[in-house]
Amino acid sequence: MTIPRALACAACAALFSTPMFAQSLSAPAATPAAATTPAAPLPAFQLADVHSSPHVNSPSIRGGTLHGDRYTTSQATMTNLIARSYNVESRNVLGGPPWLDLDRFDVVAQAPRTTSPDDIRLMLRSMLVDRFKLAVHPGTKPLPAFVLTVGKAAKIKPSDASSKPDASDAPDSDAPTIDGCQYHPPPPNTPLVDIKFTCHAITMQSFANFLHDIASNYLKQPVVDQTGLKGTWDFDIHWTYQPPKADAPGTTIFDAVSNQLGLKLEAGTAPLPVVFVDSVNETPTPNAPGLDKALPPPPPAAFDVAVIKPASPDEKGLSLRINGSQIVINNAPLDFLITWSWDISDANIANPPDFLNKDHWDILGKVNVDSTPIGPGSAPQIDQDDLQQMLKTLLADRFEMKSHMEDRPVDGYTLVAAGPHLKPADPANRTGCKTGPGPDGKDPRIDNPQLGRLVTCSNITMAQFAAQLQTMASGYIKSPVIDATGIAGAYDFTLSFSTAGQLRTPSPQAAGDDPSAASVPPGGLSLFDAITKTLGVKLEKSKVPLPTLVLDHIDRTPTEN
């Protein structure tokens, strides 16, 4: 399940996802200053460590906020970094070299604790200019967006600057306020079904940003305020977290905006700020000598208090949520805690005892506020890297877990040539793969629902394609794929295949955990057959070396609370 980072880090359920950032979309971006006017120098980080990101199974940008005096972001593409520094959507970064969406970088930098988010963006921009020699120019372009307008009659009320929300209806004081709206977390040990917020003294521009940040399950494009409503407003809003199916009850974000607020939210187009990339280096300049001593890693994030108890046999499903300074995990087996904390799959665990998946645990942890302060009197802010480290420490302390990493051969796949028939790439295209149709707009899923996965790759080499397969088709591929095709050059193609879940297995014994052994329903096409049919290459089973977490010891039950 995917949720917006703004909500995940602050209060809500489930796992983390790609960060989304609020942006001002009501006016065109500023044009560059005239050549005769000297540009004011940008604020800069005091120190900055910039390096290529290490390999992870499912790369996605993380971090992006100031914790104390440290700004940290990891697994960020250059497109992500430019988008952050100019406060635009990643899709609104145009032009530039092909690798912009493929190479990933980690940044750890130092800035004064009181630095504002706006200045952090300027510092990031300064770092990109200094370390990557980035040159860009801003502009606007009509692009797809969701447009917020007034319906027949607005049902919101102007806010009274002297009033505050009714304390009897206020959410938990630990719950976050996002873009002027305070979150109502669900009761403990209950699944996240509805999203509920109380908005007070919020402008329509801030509300548009809020909708895009929080309702990303519905709104894949930016939200633009065209209500014409000035001043600030008070209202409550709630909607169903996951878009409800046709035969299931629920309130979509569109119905919530219309019925509860008297506003309208519709798909359309709007002039949006964009950034055109003129040039940028693929390799940053080297870090300053002695940076590791001048910028040592901070103390690892840790729980101040953690209570672990067996999950109730009646609990259904697994949940992980952050409520301010509390982390609540329900019905989690040790297997999940290990694989999520180390960002690995089950195939990457050696010597697993049979109880890893049998026993399920509830964990209530309180964050050590000294480890992740974000300002005087503020609640700690926790990101995925923090929580992974907390859980690693918890497993070591409470379950006596001892482990080490080593490369071991595991069952995997090698990509080999089998009569390749590939279309040479347009070198102007960005390198990467995305879900959805190619430039021709054809979508075979419409006529054949058995082809549940559609991926378009552009300007990609076979080595890059092999590296993408584990993320692109995780239901089939559990470990990195080795490229042994010997095919040079870059190519454009669209790949359509059935998801692993759409394949029928004759029996668990016959198919085991190997999707290539599953039978294919009428109209279906496995990943393996699709690659051979479409590209003229094939996946062959092989042993591949993979960093593996070797479990030297782990207790079945934790030490006493």
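For the reader, a short list of remarks on this structure follows.
- Evaluating Q384 against the criteria (1) out of contact with any strand residue (DSSP E or B) (no Cβ under 7 Å at 6 or more places or on another chain); (2) in the same structural domain as P333 (by TED's automatic domain parsing) leaves one unmet condition, (1).
- Test: residue in region 105-114 that is buried (at least 17 other Cβ atoms within 10 Å of the Cβ) and among the hydroxyl-bearing types (S, T, Y): no
- Qualifying residue in region 171-184 (condition: modelled with pLDDT under 90, part of a helix (DSSP H, G or I) and touching a strand residue (DSSP E or B) at 6+ places or on another chain (Cβ under 9 Å)): no
- Look at region 286-307: where a residue is under 23 Å from I363 (Cβ atoms) and a partner is at pLDDT below 85 and assigned to a strand (DSSP E or B), sitting 6+ places away or on another chain with Cβ atoms under 7 Å, you get F303/V367; D304/V367.
- The residues listed here are N429, N368, N351; of these, the one that is surrounded by fewer than 19 Cβ atoms within 10 Å (Cβ to Cβ), in contact with a helix residue (DSSP H, G or I) (Cβ under 7 Å, 6 or more places away or on another chain) and at pLDDT below 95 is N429.
- Candidate set from region 81-96 (those that are of a type in the set (A, V, I, L, M) and outside any loop (DSSP other than H, G, I, E, B)); member that is farthest from N209 (Cα to Cα): L94
- The listed residue being of a type in the set (S, T, N, Q), modelled with pLDDT under 85 and within 19 Å of L451 (Cα to Cα), out of S507, S526, S516: S516
- Close pairs from region 141-156: first part of a loop (DSSP other than H, G, I, E, B), partner of a type in the set (G, A, S) and surrounded by fewer than 17 Cβ atoms within 10 Å (Cβ to Cβ), Cβ under 9 Å, at least 6 apart: G151/G262; K152/G262; A153/G262; A154/G262; K155/G262; I156/G262
- Of all residues in region 126-136, one or more are among the acidic types (D, E), modelled with pLDDT of 95 or more and not in a strand (DSSP E or B).
- Residue list for region 211-222, restricted to those being outside any loop (DSSP other than H, G, I, E, B) and surrounded by fewer than 23 Cβ atoms within 10 Å (Cβ to Cβ): D213
- The residue that is nearest to V275 (Cα to Cα), among those in region 44-80 that are among the β-branched types (V, I, T) and assigned to a strand (DSSP E or B), is T77.
- Flag if F21 is among the hydrophobic types (A, V, I, L, M, F, W, C), at pLDDT 85 or above and in contact with a helix residue (DSSP H, G or I) (Cβ under 8 Å, 6 or more places away or on another chain): no
- Matching residues, region 386-402, being surrounded by 17 or more Cβ atoms within 10 Å (Cβ to Cβ) and in contact with an Asp or Glu (Cβ under 6 Å, 6 or more places away or on another chain): F399
- Within region 289-332, the set of residues being of a type in the set (S, T, N, Q) and either outside any loop (DSSP other than H, G, I, E, B) or in contact with a Cys (Cβ under 9 Å, 6 or more places away or on another chain) (or both) comprises S319, N323, Q326, N330, N331.
- Meets criteria (of a type outside the set (K, R) and part of a loop (DSSP other than H, G, I, E, B)) for S479: yes
- Qualifying residue in region 399-406 (condition: in contact with a helix residue (DSSP H, G or I) (Cβ under 9 Å, 6 or more places away or on another chain), modelled with pLDDT under 95, closer than 20 Å to F336 by Cβ and part of a helix (DSSP H, G or I)): no
The values are calculated or read from the model by the stated rules, or taken from the named source; none is laboratory data. Note that this is a predicted model, so its numbers are computed, not measured. Here Cβ is always computed from backbone atoms with ideal geometry, including for glycine, and neighbour counts include all displayed protein chains.
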